[in-house]
Structure formats: C-alpha cells, structure tokens
Amino acid sequence: MKYQKNFLSLHFEKHNINQIIIMKLDGRRESENFEDRRGMSGGAIAGMGIGSIILIGLITLLTGGDITDVLQQAGTMGMSGGEEQATTQTFSPEEEAQVKFCKQILASTEDVWSAVFRQKFNAEYQPPTLVFFTGQVQTNCGGATSAVGPFYCSADQKLYIDLSFFKQMETQLKAGGEFARAYVIAHEVGHHVENLLGILGKAHSAMQRTNKTQANQISVRLELLADYYAGVWAHYEDEAFESIDDDDLRSAINCAQHIGDNYLQERSQGYSQPESFTHGTSDQRMRWLKRGYVTGDMNTTTFSGNYSDL
C-alpha cells in the first residue's frame, strides 16, 4: 500500500509475520532539534561497575524513561572524565539511515503534539532535543551509558539514544521493525509531554515522599502513561496520513511485550517480583499503547483509579 498526503509519502512493505516490517518514509521532513554527539567521549562514569550497569539496564527496562531518579539511586550523578571530547569516527550508511529515520519520527511527534497542545490546551508545544551518543554521555541529570537504553532527562528536556539499542531490540528482544523503533522514540517524547503538563514533576515529588514500593507504583504509572502518549501520537499520525496498518501496530505491541517488567525479570532470573516493577507488565504496556492509538483521548490518565486496575 502507498499513501500520499501533503509532504508525506509512506510505503509499507509487508512480510511474513516473523519477518521485520519495513516502514519507508519518502519525502518526510527531518527535525532540526537534535545534537549529534556520536564519537564523543565523556570519560568514565564515576562509581560504575559492571554490576551497576546491568542493574540500571534492568531498572530502565531498555526503553529508559526519565533517568533522573535511576541515576541518583545508582550514585552516578557525576562523570569523572570532565567534558565530552570529540574523537575521529566514521559511521556506516546503515547508521546514518537510522539517524535520518529518528529525525523524521521526531519531526512527526513535533507536528502531532504541536497540534494537540494548541487544540486541547490552547498552548504552544515546546519540542525536546534528541541527542545521539555512542557508549556514554553527560546530561543535566548526570552521566549515563548506553546500558540504560534510550532515556529522557527532564533537567535539560532532551532525549538520549545510542543507536546500537536498535540492534539489541532486533537481536536480543526479537522486537524488530521500524515502527517498533518509532514507538521507542514516541515513548520518550511521551515523558517530555508528561513534563510539559506538570505530571512528571508532581510524580517525582510524590516518589521522594513515599516508600520504595509506592514509589515504584508511581513509576509504573508514569511509564504506562508514556506508552499511552506514544499511542496517542500514533493515533493522530495515522488519522492525518493513514500511515499505520495492523502489521505496524503489531510490531510496536510486540516491542511493548518484550520490555515488560515481568518478561525481562523472568528472562534474567527465572521469576518476577511485582513489588519491584517500575515500568509495568507486558500486558499493561501493550494495552496502554493500544488504548492511546485507538482513542487519542488526552483526558485519559494512568494516575486515576486503583493501581491494581491499570
């Protein structure tokens, strides 16, 4: 199928369900809100052993979220190597294509959320900046490595991603497909939307005033809401451009399934511990993503009702 509307032409090549679905974006604008820090070195992360890196990677469940509290808990709020230094490095055509794809998806989120904020809130949307990095990076939330996966830092309103994560999605999580990658970016943008709406700040304040179990539950609500907002983005993107079909949605839902707390814990240790969940179960993540896509309703929130009903 091929659809054309305004400046956007999207072409989907459908394959067997077990194959990667390719989402081609022809003629789509690229966002200018990005920083390319690939090939830059920020020095060693202070106090970070391999065990800490693995722990943080599990906590963030590979899709990140707002990394501030995780870094504080891990004691990695500083970098021992000072400012990032540029190094000479070349990048493959495949990686350059991924950069272009990310900038195109970010541009879509800018268009969608700008319209939503004007129509729903009578406000102007302030887009985040997408930062590409390699290995490790310095942020206003502290130092981080690629082990944490893509993440959002509310202190500088930037999204951070090491593009090697996409390969991990495909090979380790069996969650390939470009729309699955788009979902990852849209999820992090969802945290930015939470931040702009004041939800993120209130949630973090509440987390600091309560015990670990309840703080984890607040974290789950934040992550599921970011999944929901990713679905809302997809809803309006599809409404405007007819750009998403069932196979594309399935690839994103498959990704959500493979980054659920229960799935990752059972995979890593053979059992799950619900009281330690910080992002939500596979079922919850899939349901909230799909709910956002189906409804596009900005009046819906994960912060109402009982936690057990999420």
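When segment 150-185 is filtered for residues that are over 25 Å from ASN140 (Cβ atoms), in contact (Cβ under 8 Å) with a residue 12 or more places away in the chain, assigned to a helix (DSSP H, G or I) and out of contact with any Gly (no Cβ under 9 Å at 6 or more places or on another chain), the ones remaining, listed by number, are GLU178, PHE179, ALA180, ARG181, ALA182. Restricting attention to segment 270-310 and to residues that are outside any helix (DSSP H, G or I) and of a type in the set (Val, Ile, Thr), the residue that is least open to solvent (accessible area, probe 1.4 Å) turns out to be THR302. Scanning segment 141-162 for residues that are over 12 Å from the mean Cα position of the chain (by Cα) and open to solvent by less than 10 Å² (accessible area, probe 1.4 Å) yields CYS141, GLY142, GLY143, ALA144.
Could you please find all residues in segment 138-149 being touching a helix residue (DSSP H, G or I) at 6+ places or on another chain (Cβ under 9 Å) and touching a residue at least 24 places away in the same chain (Cβ under 8 Å)? The answer is THR139, CYS141, GLY142, GLY143, ALA144, THR145, ALA147, VAL148, GLY149.
For (1) β-branched (Val, Ile, Thr); (2) surrounded by 23 or more Cβ atoms within 10 Å (Cβ to Cβ); (3) part of a helix (DSSP H, G or I); (4) touching a His at 6+ places or on another chain (Cβ under 8 Å), each residue gets a yes or a no:
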residue	(1), (2), (3), (4)
ALA230	no, yes, yes, yes
ALA240	no, no, yes, no
ASP248	no, yes, yes, no
ASN254	no, no, yes, no
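Here's the yes/no breakdown for (1) of a type in the set (S, T, N, Q); (2) at pLDDT below 90; (3) touching a Cys at 6+ places or on another chain (Cβ under 9 Å):
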{"residue": "THR171", "(1), (2), (3)": "yes, yes, no"}
{"residue": "GLU188", "(1), (2), (3)": "no, no, no"}
{"residue": "ALA203", "(1), (2), (3)": "no, no, no"}
{"residue": "GLN214", "(1), (2), (3)": "yes, no, no"}
{"residue": "ALA234", "(1), (2), (3)": "no, no, no"}
{"residue": "ASP245", "(1), (2), (3)": "no, yes, no"}
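The values are calculated or read from the model by the stated rules, or taken from the named source; none is laboratory data. This is a predicted model, so every value here is computed, not measured. Reconstructed Cβ throughout: ideal geometry from the backbone, glycine too, with neighbour counts over all protein chains shown. Note: areas computed on protein heavy atoms with side chains; ligands, DNA, RNA excluded. Shrake-Rupley method; radii C 1.70, N 1.55, O 1.52, S 1.80 Å.
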